[in-house]
Number of protein chains: 2
Amino acid sequence: MEFELLKTSENSRARAGNITTDHGKIETPIFMPVGTAGSVKGIHTRDLHEDINAQIILGNTYHLYLRPGIDVIEKAGGLHKFNRWNGPILTDSGGYQVFSLGDIRKLGEDGARFQSHIDGSYHMFTPENVMDIQRSIGADIIMAFDECSPGDADYNYAKNSLELTQRWLERCFVQFNKTEPKYDHRQSLFPIVQGNTFEDLRKIAVAHVKNFDADGYAIGGLSVGEAEEIMYEMTEVCTADLPTDKPRYLMGVGTPVNILESIERGIDMFDCVMPTRNGRNGMLFTSKGIINIKNKKWENDHSVIDEDEHSFVDQYSKSYLRHLIISNEMLGAQIASQHNLAFYLWLVKTARQKIIDGNFESWKREMVVKLKERL
Amino acid sequence: MEFELLKTSENSRARAGNITTDHGKIETPIFMPVGTAGSVKGIHTRDLHEDINAQIILGNTYHLYLRPGIDVIEKAGGLHKFNRWNGPILTDSGGYQVFSLGDIRKLGEDGARFQSHIDGSYHMFTPENVMDIQRSIGADIIMAFDECSPGDADYNYAKNSLELTQRWLERCFVQFNKTEPKYDHRQSLFPIVQGNTFEDLRKIAVAHVKNFDADGYAIGGLSVGEAEEIMYEMTEVCTADLPTDKPRYLMGVGTPVNILESIERGIDMFDCVMPTRNGRNGMLFTSKGIINIKNKKWENDHSVIDEDEHSFVDQYSKSYLRHLIISNEMLGAQIASQHNLAFYLWLVKTARQKIIDGNFESWKREMVVKLKERL
């Protein structure tokens, strides 16, 4: 994987770049639609390519490992063959999901023992087998196995957790370096910077991950309940010290405003379930603000969903979409998800162009005001 | 609406024709995807047009009347404008749905009083207001308000029910003839032949509906639990006497085999929820037989869903579709529904071509064997 930094803004840390993978180019900053179980919920692969203009999608190690299982994905020839998405893929390591399991997982030095949320069966994730599993899934970018400490953890918990994540990272790289890709394309391993909301821990974490000559670096453990200002502050702490010649990925973030604020702070890659999950519940993101389509005010609004037409679905009317969402018609969830993803991709594409043109910050200031509006 | 009978088979009653509506042409025999609440579940309007090659879709008076309500549809400018399907639409009258409500509806000479399945509110359907409602929805073809007698009704019940349906039909035509379309296209009212499984009642019903110079005639009250042979027998009884110069619509039918058998017996139009409903549960119809994709045998079948490629979705693999359906991923329901509808449309299109070519019956005999296979 190669990263070319095309431009850094003169007035902020905002950057435009190109990532080249064996499955194609990614223009950064980029938003990556989340396909947890191997499918971006409600969206055909064809529409991801042709309508939403997605450049890279996510899969999740935890979910894919449990179902359909690694054997099936290997026999398919990897996730790209399995889900027919032939662009770049990134897999999350499963660390976040395992730690979200709460009572049904147990953490030790070796790894995390957990029960499947599907059938209660017992499983063990270690830094080593998570690397192996991600070799089998075959994503272009794979993530280190880490502990994501709770948003309300105290300093001691966060420090111990970070140190465990650091030891696991070393084991991840050992395993990664002694194994080969299973399919005919390269894979890159991204470390994850943890450290909770403690500035010194974040600095220690960044210094540690820089010991590894990785193709990119992720920031984890944010957007887990802390105040937005804290998230931005921690992001700044990290991007101040991360290598400039490698992409930075802020995991699980966020709203359109979060994304613009984080781009300004030097982030290149984003993922979040918000466009699809909130879409299924009738929340639409537009360049004029947020629409709750269930609101009675849209009942007889027969204008198109979004006159900016980011997607072909924007031609449906607000009134019709409201009816579909309220009636629990699948098509409602499909339309809202597709609109939101297309909007997110439009947003990062426009941000990139503004960075290249040298006027990102002024555009961002205006957009942030509009994006927060409740229509 | 015009109907042109292009060809009647020399060896059966199978027919090929063209229906011309103000929203375009329909090539018969035709299958009509069901969009009960104004959307064909899981399918974008664009894909109905371009991928599935649907020529006409259904809406349902009962569902649309309750939600979004007639006021919303009128303000949209009719259902075509509301759901952005600009081809022909047919609306069922709501009779079947109201009678399916069982205990929460009460039938009288004037009409049917019923409770909404959504909020328990009370409503009344009469032949007159059902005509008015269908004027407001604005379908190209609208259906008479009828009673669909239970599949196990005795002769007396069926006779009384038919007579009520006949009186209601007269009221439907009076109301229809004294009202005008609300939008700038014509509407046609189809009577429904009832009579349960009693040959003499069916004959009486056919003779009665022929008193009305309708643009087409429907056969209702079949495929409601009776043996398939009875359904075919009743269909034959009806098509023997129905006018040859008007299209015949067999309501709510059915499996691919049912459709071919009924085409042979002189039916031109079909609708059924089976391709979408069974699709959502993982049942796929193909020209080689029926696939239950949940079956373990498909777990590692990485071949395409259907090599005949009726739809772009057929390029996904069986193994992937199985994973999606088992994991309750929306995309699974979307893929299976879209495949099945594309297959149904392919089936009737091919039947039409075989009728025109003069070899429908031999093709049908071969197909029926294959279609019944369990793969």
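Just by accessible area at a 1.4 angstrom probe, what is the order of A:245, A:51 from largest to smallest?
The most accessible residue leads, giving A:245, A:51.
How far is residue B:24 from the same spot in each other copy, in nm, shortest first, if each label point sits 7 Å from Cα toward Cβ?
Those label-point separations list as 2.9 nm.
Among A:199, A:50, A:361, whose mean-square fluctuation peaks in a Gaussian network model of chain A (Cα, cutoff 10 Å)?
A:50
Region B:1-59 to region A:101-159: how many Å between their Cα centroids?
53
Report for the protein assembly as shown the percent antiparallel among DSSP-assigned beta bridges with both residues inside it, nearest 5.
50
Please work out how much length the chain gains when fully extended from residue A:117 to residue A:300, using 0.36 nm per residue of separation minus the C-alpha to C-alpha distance, in nm with one decimal.
Working it through step by step, the gained length comes to 61.7 nm.
In debye to the nearest 20, how big a dipole does chain A give about its Cα centre with +1 on each Lys and Arg Cβ and -1 on each Asp and Glu Cβ?
Value, rounded to 20: 680 debye.
Gap in Å between the Cα centre of region A:325-374 and the Cα centre of region A:215-291?
Between the Cα centre of region A:215-291 and that of region A:325-374, the gap is 13 Å.
From the label point of residue B:375, set 7 Å along Cα to the beta carbon, how far off in nm is each other copy's matching point, shortest first?
4.3
Which one of B:145, B:343, B:255 has its Cα pushed farthest toward the positive end of the charge dipole of chain B, where Lys and Arg give +1 and Asp and Glu give -1 at the Cβ?
It is B:343.
Over all alpha-carbon pairs of region A:10-100, lay out the pair-distance distribution in 10 Å bins, whole %, shortest bin first.
15, 44, 30, 9, 2
If you place +1 on the Cβ of every Lys and Arg, -1 on the Cβ of every Asp and Glu, and leave all else neutral, what size is the dipole of region A:119-159 about its Cα centre, to the nearest 20 Debye?
For this selection, approximately 100 debye.
Over chain B, what is the mean sequence separation of C-alpha contacts under 8 Å (at least six apart), divided by residue count, expressed as relative contact order in percent?
This gives 18 percent for chain B.
Note the count of lysine pairs whose C-alpha atoms are less than 17 angstrom apart in region B:2-271, limited to pairs 8 or more residues apart or on different chains.
Counting lysine pairs in region B:2-271 gives 7.
Say we join alpha carbon atoms closer than 10 Å with springs in a Gaussian network model of chain A; which of A:337, A:161, A:327 then has the biggest fluctuation?
Result: A:327 has the largest fluctuation of those listed.
Once every DSSP H run of n ≥ 4 in chain B is given -39500 (n - 2.57) and the sum is divided by its residues, what mean residue ellipticity at 222 nm do you get, rounded to the nearest 500 deg cm²/dmol?
Rounded to the nearest 500, the figure is -12500 deg cm²/dmol.
In a Gaussian network model over chain A where Cα atoms closer than 10 Å are linked, find which of A:43, A:142, A:192 has the largest mean-square fluctuation.
Among A:43, A:142, A:192, the largest mean-square fluctuation in the Gaussian network model of chain A belongs to A:43.
Going from most exposed to least, what order do B:171, A:202 have by accessible area with a 1.4 Å probe? Working shown, then result.
Working: B:171 55, A:202 0 Å².
The ranking, largest first, comes out as B:171, A:202.
Rank these residues by their accessible area, most exposed first, probe 1.4 Å: A:61, B:350.
So the residues, ranked largest to smallest area, are B:350, A:61.
Between copies, how far does the label point of residue A:122 sit from its twins, in nm, shortest first, when each point is 7 Å from Cα along Cα→Cβ?
Computed spacing set for this position: 6.2 nm.
Once the other residues with Cβ under 13 Å from the Cβ of residue A:144 are scored (Lys, Arg +1; Asp, Glu -1), what is the net sum?
Result for the neighbourhood of residue A:144: -4.
Give the dimensionless ratio obtained when the Cα radius of gyration of region A:273-375 is divided by 2.2 N^0.38 Å.
It is 1.09.
Expressed as a fraction of 2.2 N^0.38 Å, the rule-of-thumb size for a compact globular protein of N residues, what is the C-alpha radius of gyration of the protein assembly as shown?
Dividing the Cα radius of gyration by 2.2 N^0.38 Å gives 1.09.
Which whole-number percent is the relative contact order of region A:243-375 (Cα, under 8 Å, 6+ apart)?
Normalised by residue count, the contact order of region A:243-375 is 28 percent.
Would you kindly calculate the mean projected area, averaged across all directions, of the convex hull enclosing the Cα atoms of chain B, in square nanometres? Provide the component values of the computation, followed by the final result.
Details: hull surface 70.5 nm².
Over every viewing direction, the Cα hull of chain B projects on average to 17.6 nm².
For region B:2-271, give me the percentage of DSSP beta bridges that are antiparallel, rounded to the nearest 5 percent.
45
Explain nothing, just the number: dipole magnitude of the protein assembly as shown about its Cα centre with +1 on each Lys and Arg Cβ and -1 on each Asp and Glu Cβ, in debye rounded to the nearest 20.
Charge dipole, the protein assembly as shown, about its Cα centre: 220 debye, nearest 20.
The values are calculated or read from the model by the stated rules, or taken from the named source; none is laboratory data. Bear in mind that the values here come from a model prediction, so they are computed numbers and not experimental data. Glycine also receives a Cβ, built like all others from the backbone with ideal geometry; neighbour counts cover every protein chain displayed. Areas reflect the complete protein model, heavy atoms only, side chains present, ligands, DNA and RNA absent. Shrake-Rupley method; radii C 1.70, N 1.55, O 1.52, S 1.80 Å.
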